[in-house]
Amino acid sequence: MSALLEVTGLTAGYHGVPVLHEVDLTVRAGTICAVLGANGAGKTTLLRTLSGLVRPAAGRIVLDGAELRDLPVHELVRRGVAHVPEGRGVIAELTVDENLRLGGLWRGGGRALRQAVDQMYELFGPLAQRRGYPGHLLSGGERQLLALGRALVGRPRLLLLDEPSLGLAPRLVAQIMALLRQLRDDTGLAVLLVEQNVRSALSVADQAVVMSLGRVVTAAPAAQVADDAALRHAYLGF
Amino acid sequence: MDRFVFLTVDGLSRGAVYAAFALALVLIWRGTRIINFAQGVMAVVTAYLAYSISNATGSYWVGFIVALASGLVLGAVVELAVMRRVEHAPPLNAVIVALGLVLFGQGVLGMIYGNQYRPAEAPFSRVAMTVAGVPVVSRYDLFVFGAVLVLMLAVAALFTRTATGLRMRAAAFEPMVSRLLGVNVARTLTLGWALAGLVGALAGLLVLPTGLGLHPTAMDLVFVSAFTAAVVGGLDSPAGAVVGGLVVGLVLSYVGGYVDSAATPLAVLGLLVAVLLVRPGGLFSGTTARRV
Ligand SMILES: Nc1ncnc2c1ncn2[C@@H]1O[C@H](COP(=O)(O)OP(=O)(O)O)[C@@H](O)[C@H]1O
Ligand SMILES: [Mg+2]
């Protein structure tokens, strides 16, 4: 199967100081790729660069044959890329329903949007009871569901998730991982999953990329990374 | 009692205008964190345009409509051509650029129209109608209330009922997240300035006939009152702008009527200082939501 996302030689950073060094990465449609590594390895910077928030100094970001590198950030969703940022980015002043609608607004409003939002309420029961609540009244778990649901309303082809399990109860983490697996199998969604929670990420991922100091040190099938004791000790701390 | 009724109606009528003008300031503040000190001169420019067009066509309403439309365009042009360059700079840059626009605008208006007062026409009688022998409210006051009410309802509907309004609110609260969700944030900012230009133009058209008339500096004092209104209500709150405007209008009217008209500027400043000391976020600041 051909690659949905093909990243080559990506170098990027802040204020002229590179954080990512010549990162190569391939994600196929209908697969989940875990991005692992210690704090400060550059995982968040990688996602921010892919979605255009950080401008690369060098390298290519090709989605389905088209170069994304020079597109404005707000164009990315139109190409099928959804980024759920670290810290989730629920808009606290807007209601749950408004947050969800915002996720699909770029396709246009109207009945199709309403249907897509209602679909999310079916998928995420707890949100349905909170439609009119402003975001700042939600619990951490509800916020994570909302951020994820909002990204899905736009029906992306590639989902960039930055530590979705952060601060969540294990049961909820398992639920989210199961949902990702289901979306991958049913809709062909590709996921780039940044995680501190290495075990749960590897349990759901097809591929894994291990980063250290802004470089990719290993890219391999997830099962292989899980079995590699030396690699786990060196970079993943277990 | 007659006097109290008169002062109250007059205060509310002025307050409605301050509310509209404060709303213009709030619209820009929410999106860009800039206090648009040029809002007054922008309104004066559109008022002069209304003056010229009304004179040429003989119709107040043609001038009125053209002024509102030109306010919309002027707001967008000022944002695109000038303010965009300082939106991400230190706050003082925007203040200085806006003050530069004030000097520039007032200078150009003075060159074109001269620096004497010109009459600002009112489309309805400003003489109060009497109820049971007591003068209560003029037709012009009713027009002011009606125009501001329609404006407020339209702006509220835009923000709460339309996709564009949702985008504008999202972009104002969380620009980065909004961009990730496909919102062209730069465009929502331009739209906010355009809308503020229109709202400010309306406020100018409504207030000028109640003062000395048309002059390049005619909106300077209105700006101070409206700025106070916006701070009183909370710079982030459109609803606060409305309440703040009415409060400032009433305070000015009562102080002017019962104390001394020379004391009104002091009263405005006193109110501003009091609010900043007691509730710096404004009366409508509420519990500020955590920024995620
Ligand atoms: N906004 C920023 N400005 C400057 N340096 C940053 C910024 N964000 C992250 N960095 C630096 O980039 C490196 C990688 O950070 P990050 O991408 O957040 O790593 P991770 O998500 O893997 O923990 C760190 O050394 C961090 O200090
Ligand atoms: Mg991170």
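Sorting the segments B:44-57, A:180-193 by their mean number of nearby beta carbons within 10 angstrom, highest to lowest, gives B:44-57, A:180-193. Summed over the residues of the protein assembly as shown and divided among them, the accessible surface reaches 43 Å² per residue at a probe radius of 1.4 Å.
Shielding of peptide A:145-153 by partners, expressed as the average count of other chain Cβ atoms within 10 Å per residue Cβ, is 1. Does the stretch B:176-259 classify as rounded, prolate or oblate by the C-alpha gyration tensor (a ≥ b ≥ c root eigenvalues; a/c under 1.5 gives rounded; else a/b over b/c gives prolate, otherwise oblate)? Oblate, since a/c reaches 1.5 and b/c is not below a/b. Per the accessible-area calculation with a 1.4 Å probe, the total area buried between chain B and chain A rounds to 2100 Å². Given axes a ≥ b ≥ c from the Cα gyration tensor, I'd like to know whether the stretch A:1-76 is rounded (a/c under 1.5), prolate (a/b larger than b/c) or oblate. Cα axes put the stretch A:1-76 in the oblate bin. Which shape class, rounded, prolate or oblate, goes with the stretch B:67-197 when its Cα gyration tensor gives a ≥ b ≥ c as root eigenvalues, a/c under 1.5 marks rounded, and past that a/b bigger than b/c marks prolate? Since a/c reaches 1.5 but b/c is at least a/b, the shape of the stretch B:67-197 is classed as oblate. Surface composition of the protein assembly as shown: carbon and sulfur make up 61 percent of the accessible area, probe 1.4 Å. Helical content of chain B, expressed as a calculated mean residue ellipticity at 222 nm, amounts to -24000 deg cm²/dmol (DSSP H runs of 4 or more residues, -39,500 (n - 2.57) each, divided by residue number, nearest 500).
Among the trypsin sites (Lys or Arg not before Pro) within the stretch B:45-152, those in coil by DSSP and having at most 16 neighbouring Cβ atoms inside 10 Å are B:126.
Per-residue shielding of A:106-113, expressed as the average number of other chain Cβ atoms within 10 Å of the residue Cβ, stands at 2. Could you give the distance between the Cα centres of the stretch B:187-262 and the stretch A:150-175, to the whole Å? Taking the Cα centre of the stretch A:150-175 as reference, the centre of the stretch B:187-262 is 46 Å away.
Against chain A, whose longest principal axis comes from its Cα atoms, helix A:140-153 is set at around 90 degrees. The peptide list B:219-228, B:95-104, put in order of mean Cβ contacts within 10 Å with the highest first, becomes B:219-228, B:95-104. Against the main long axis of the alpha-carbon atoms of chain B, helix B:2-32 sits at an angle near 20°.
Once C-alpha pairs closer than 8 Å and six or more residues apart are averaged by separation and normalised to the residue number of chain A, the relative contact order reads 28 percent. At 222 nm, what helix-only mean residue ellipticity would chain A give, in deg cm²/dmol to the nearest 500, using -39500 (n - 2.57) for each DSSP H run of four or more? Computed ellipticity for chain A at 222 nm equals -10000 deg cm²/dmol.
The values are calculated or read from the model by the stated rules, or taken from the named source; none is laboratory data. These numbers come from a predicted model, not from an experiment. In this analysis, Cβ positions are derived from the backbone assuming ideal geometry, glycine residues included, and neighbour counts consider all displayed protein chains. With ligands, DNA and RNA removed, areas are computed over all heavy atoms of the protein, side chains included. Shrake-Rupley method; radii C 1.70, N 1.55, O 1.52, S 1.80 Å.
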